[in-house]
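These notes are about the structure you will find just below.
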Amino acid sequence: MSQKKIKEPAKELSPLALELIASRFRALSEPVRLRLLNLLMQGEFTVGQLVEASGSGQANVSKHLAVLRDAGMVGMRKEGLTTVCFIADVIVKDLCEMMCSRLREEMESNAAALSFDPEI
């Protein structure tokens, strides 16, 4: 017989830990940054490729990449004159997959609640 794992109560976090966590979530709070992360989850891109694929300007992409890099989510390396970007923290993919899965569940639930049953 399998037993359910009992979750331990959440530990109280220090103000510094809370600020670090908030900083990570702020990095995810901008749609352009989410678009860049979504592209990078498909593989490595140069900055120029990200500019083209995202439809944003060079300065805008560079600004958002800097935020993601500072948050430790995106890494960059130079290859000659080109800068190649990549996902530096695999938790980014996990977070995105968890959020998309949850949103999918909510949308399916809402669709089921709104469906019309002609037999009623």
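Each value in this text was obtained by applying a stated rule to the coordinates, not by laboratory testing. The model shown is predicted, which means the values in this text are computed figures rather than measured ones. Reconstructed Cβ throughout: ideal geometry from the backbone, glycine too, with neighbour counts over all protein chains shown.
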(request) Take the cross-link list Lys7/Lys93; Lys7/Lys63; Lys11/Lys78 and give me the ones stretching past 30 Å between alpha-carbons. (result) Lys7/Lys63; Lys11/Lys78
(message) If neighbour count is taken as other Cβ atoms inside 10 Å, put Glu105, Glu8, Glu30 in order from fewest to most.
(response) Glu8, Glu105, Glu30
(message) Under 8 Å for C-alpha pairs, at least 6 residues apart: give me the relative contact order for the stretch 37-93, rounded to a whole percent.
(response) 40
(request) Report the full-extension gain for the segment Ala10 to Gln42: residue separation times 0.36 nm, less the Cα-Cα distance, to one decimal in nm. (result) 8.1 nm
(request) Report relative contact order for the chain in percent, whole number only (criteria: Cα-Cα under 8 Å, sequence separation at least 6). (result) 20
(message) Counting other beta carbons within 10 Å of each residue's own, what order do Val67, Val90 fall into, fewest first?
(response) Val90, Val67
(message) Sort Lys11, Lys63 by Cβ crowding within 10 Å, fewest neighbours at the top.
(response) Lys11, Lys63
(request) Only helical DSSP H runs with n ≥ 4 go in: add -39500 (n - 2.57) per run for the chain, normalise by residue count and round the 222 nm mean residue ellipticity to 500 deg cm²/dmol. (result) -18000 deg cm²/dmol
